[in-house]
């Protein structure tokens with residue numbers, strides 16, 4: 001019988017190992033989602049509601065507890081304790097052994113264990129292990145801590161597996177909810193840290209009285225425009241710019257406190273906003289001498305409620321620009337152009353392809369990139385760049401407006417533009433073997449998606465292929481915008497359309513069909529891996545492939 005007991009004990013141990021692994025991975029997953037939600041409990045809760053059945057309380061949790069209830073209340077007299085152990089451990093191992101919460105092996109925005117995340121993780125881990133550890137202790141010892149009580153030995157033998165498995169599975173189910181008390185515990189610490197770093201950043205800026213602060217906001221194109229401004233100004237000035245999408249108070253403070261040095265003449269900041277009041281919060285840290293507004297779109301429409309609210313928030317940057325400063329505005333966007341009327345003391349520079357003081361014309365594409373002619377103050381200059389898209393022309397015009405306001409000439413800017421590298425995964429032009437790839441994987445808005453399709457349609461050196469899952473996080477207008485996106489794809493007359501995700505891409509298929517596009521040229525697959533496999537079978541030398549959007553890690557169909 002020793003071998004039988006060893007098997008039983010082995011199954012229990014294996015169950016605990018499997019549940020420990022699954023709980024750790026599940027905890028890491030939810031820390032990742034919480035970080036992607038900007039450490040905001042409200043947004044995290046909304047995500048949980050949207051994914052309640054797929055991720056929060058999963059079928060495994062419900063079914064496993066149903067099995068426990070059936071065995072305990074209906075079959076306890078008919079089966080032995082060892083049989084219950086075999087049933088419950090095997091079900092637990094088979095159901096909780098796999099972990100496939102992430103859509104792909106490589107996260108689009110991986111979890112970063114910043115100091116804040118480390119501070120959050122410590123209480124979160126303590127809360128997470130509390131229930132499994134407590135029930136394991138009771139199951140294996142029969143002692144109930146804190147009340148100095150002990151379970152009868154006979155009852156314990158028949159109940160220990162139920163106590164053990166119920167505690168682990170319930171603890172696993174509670175993982176996402178434990179983010180909230182962990183965040184509450186660390187909130188006073190985070191508030192202190194925020195105030196401290198903001199105070200240091202403001203003091204440093206006060207000491208650098210000759211520093212010119214440039215701030216960029218807008219629904220789309222902030223990061224691209226920021227890098228263009230940085231690269232143009234680097235021709236003449238010593239420039240410090242926030243990296244990537246550092247556009248929050250702590251992101252800006254980190255750059256000011258750690259990267260800004262005495263020799264820097266220009267500080268370029270990106271200012272993001274998900275709620276009204278966010279721009280004011282950022283301007284309280286660093287008021288700009290030059291404000292740049294790229295556009296007013298529908299990004300974060302769920303949190304703002306309306307496009308007018310978005311425009312009102314973006315206009316705060318112009319209102320908060322220092323007296324007698326400069327505002328560079330997108331003249332092709334009516335809401336942005338109207339911001340010129342907010343101040344009479346500012347120097348207003350309007351840029352645009354169709355309107356404004358600085359304009360672009362004769363836009364052309366090839367496998368080396370794009371070229372266009374810029375006209376400002378009666379002079380013209382041809383700009384050549386590896387960047388793609390009419391929206392990037394508009395972004396470049398805004399950067400040119402900034403550089404011109406600081407005394408730079410068009411030929412100097414054109415040389416700098418020719419050396420610019422595309423932002424990774426944002427209309428990034430690159431070669432992949434014998435294929436030309438337009439990598440627009442980090443785009444997720446209707447304007448950018450339309451521009452990408454328009455660019456692909458203008459290539460004529462090979463067959464044109466698009467791979468896309470469509471757009472998400474657009475609220476009530478998501479289906480409408482994806483249907484419009486599908487119509488744009490259909491009207492572009494491409495050679496192959498590969499849609500990723502059956503349910504998510506249904507509105508895109510409807511739009512493609514409405515445009516009269518051949519259904520034989522539309523393929524739907526379940527994953528990016530399948531899409532790439534299909535591409536390999538279809539593509540040949542010289543073809544152009546557009547990867548348009550890669551859904552966020554927090555998305556599940």
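The values are calculated or read from the model by the stated rules, or taken from the named source; none is laboratory data. Just so we're clear, the structure is a prediction, and the values are computed from it rather than from any experiment. Note that we place each Cβ from the backbone using ideal geometry, even for glycine, and neighbour counts take in every protein chain shown.
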Right, residue 305: exposed (fewer than 15 other Cβ atoms within 10 Å of the Cβ), modelled with pLDDT under 95 and out of contact with any helix residue (DSSP H, G or I) (no Cβ under 9 Å at 6 or more places or on another chain) or not?
-> yes
Looking at residue 296, is it surrounded by 23 or more Cβ atoms within 10 Å (Cβ to Cβ) and in contact with a strand residue (DSSP E or B) (Cβ under 6 Å, 6 or more places away or on another chain)?
-> no
Could you list all residues from region 509-539 that are in contact with a strand residue (DSSP E or B) (Cβ under 9 Å, 6 or more places away or on another chain), free of Cβ contacts under 8 Å to residues at least 60 places away in the same chain and in a loop (DSSP other than H, G, I, E, B)?
-> 517, 526
Residue count, region 472-508, condition assigned to a loop (DSSP other than H, G, I, E, B) and either within 28 Å of residue 366 (Cβ to Cβ) or in contact with a strand residue (DSSP E or B) (Cβ under 9 Å, 6 or more places away or on another chain) (or both), comes to 7
Would you mention how many residues in region 512-531 are within 26 Å of the chain's Cα centre (by Cα) and surrounded by 15 or more Cβ atoms within 10 Å (Cβ to Cβ)?
-> 4
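Out of the residues in region 26-40 meeting the condition of being within 15 Å of the chain's Cα centre (by Cα) and assigned to a helix (DSSP H, G or I), tell me which one is surrounded by the most Cβ atoms within 10 Å (Cβ to Cβ).
34
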Checking 68, 93 in turn, the sole residue that is over 30 Å from residue 184 (Cα atoms) and modelled with pLDDT under 90 turns out to be 68
Among the residues of region 354-366, is any surrounded by fewer than 14 Cβ atoms within 10 Å (Cβ to Cβ) and at pLDDT 95 or above?
-> no
Taking the condition assigned by TED's automatic domain parsing to the domain that holds residue 34, assigned to a helix (DSSP H, G or I), in contact with a helix residue (DSSP H, G or I) (Cβ under 7 Å, 6 or more places away or on another chain) and surrounded by 21 or more Cβ atoms within 10 Å (Cβ to Cβ), does residue 182 pass?
-> yes
Members of region 314-340 that are over 15 Å from residue 289 (Cα atoms), outside any helix (DSSP H, G or I) and without any contact (Cβ under 8 Å) to a residue 60 or more places away in the chain | 331, 333
Flagged in region 21-53 as under 20 Å from residue 91 (Cβ atoms) and touching a residue at least 24 places away in the same chain (Cβ under 8 Å), in numbering order, are 21, 22, 23, 25, 26
Inspect all residues belonging to region 384-406 and state whether any of them is in contact with a helix residue (DSSP H, G or I) (Cβ under 6 Å, 6 or more places away or on another chain) and either in a strand (DSSP E or B) or assigned by TED's automatic domain parsing to the domain that holds residue 530 (or both).
-> yes
Within region 256-274, which residues are without any contact (Cβ under 8 Å) to a residue 60 or more places away in the chain, surrounded by 15 or more Cβ atoms within 10 Å (Cβ to Cβ) and assigned to a loop (DSSP other than H, G, I, E, B)?
-> 260, 264, 265, 271, 272, 273
Go through 51, 61 for me and flag whichever is more than 30 Å from residue 274 (Cβ to Cβ) and surrounded by 15 or more Cβ atoms within 10 Å (Cβ to Cβ).
-> 61
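Filter region 407-443 down to the residues that are assigned to a helix (DSSP H, G or I) and in contact with a helix residue (DSSP H, G or I) (Cβ under 6 Å, 6 or more places away or on another chain), then identify the one that is surrounded by the fewest Cβ atoms within 10 Å (Cβ to Cβ).
First pass over region 407-443, keeping only residues assigned to a helix (DSSP H, G or I): 410-418.
Pick out the ones that are also in contact with a helix residue (DSSP H, G or I) (Cβ under 6 Å, 6 or more places away or on another chain) and you get 413, 416.
Values: 413: 25, 416: 21.
Ranking the candidates gives 416 first.
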Of all residues in region 4-25, how many are buried (at least 21 other Cβ atoms within 10 Å of the Cβ) and under 10 Å from residue 175 (Cβ atoms)?
-> 2
Given (1) over 30 Å from residue 43 (Cα atoms); (2) surrounded by 20 or more Cβ atoms within 10 Å (Cβ to Cβ); (3) at pLDDT 90 or above, index of the condition residue 463 fails | (2)
Looking at this structure, is residue 242 touching a helix residue (DSSP H, G or I) at 6+ places or on another chain (Cβ under 6 Å) and outside the structural domain of residue 89 (by TED's automatic domain parsing)?
-> yes
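Which one of these is within 15 Å of residue 169 (Cβ to Cβ) and either assigned by TED's automatic domain parsing to the domain that holds residue 179 or not in a helix (DSSP H, G or I) (or both): 60, 43? Before the answer, list the steps.
Working: 43 fails: within 15 Å of residue 169 (Cβ to Cβ).
Of 60, 43, the one residue that is within 15 Å of residue 169 (Cβ to Cβ) and either assigned by TED's automatic domain parsing to the domain that holds residue 179 or not in a helix (DSSP H, G or I) (or both) is 60.
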In contact (Cβ under 8 Å) with a residue 12 or more places away in the chain, part of a loop (DSSP other than H, G, I, E, B), buried (at least 18 other Cβ atoms within 10 Å of the Cβ) and not assigned by TED's automatic domain parsing to the domain that holds residue 297 - does that describe any residue in region 444-451?
-> yes
Among the residues of region 131-147 satisfying the criterion of being under 20 Å from residue 181 (Cβ atoms) and touching a helix residue (DSSP H, G or I) at 6+ places or on another chain (Cβ under 8 Å), which is modelled with the lowest pLDDT?
-> 135
Of the residues 83, 89, 23, which single one is part of a helix (DSSP H, G or I) and out of contact with any helix residue (DSSP H, G or I) (no Cβ under 7 Å at 6 or more places or on another chain)?
-> 83
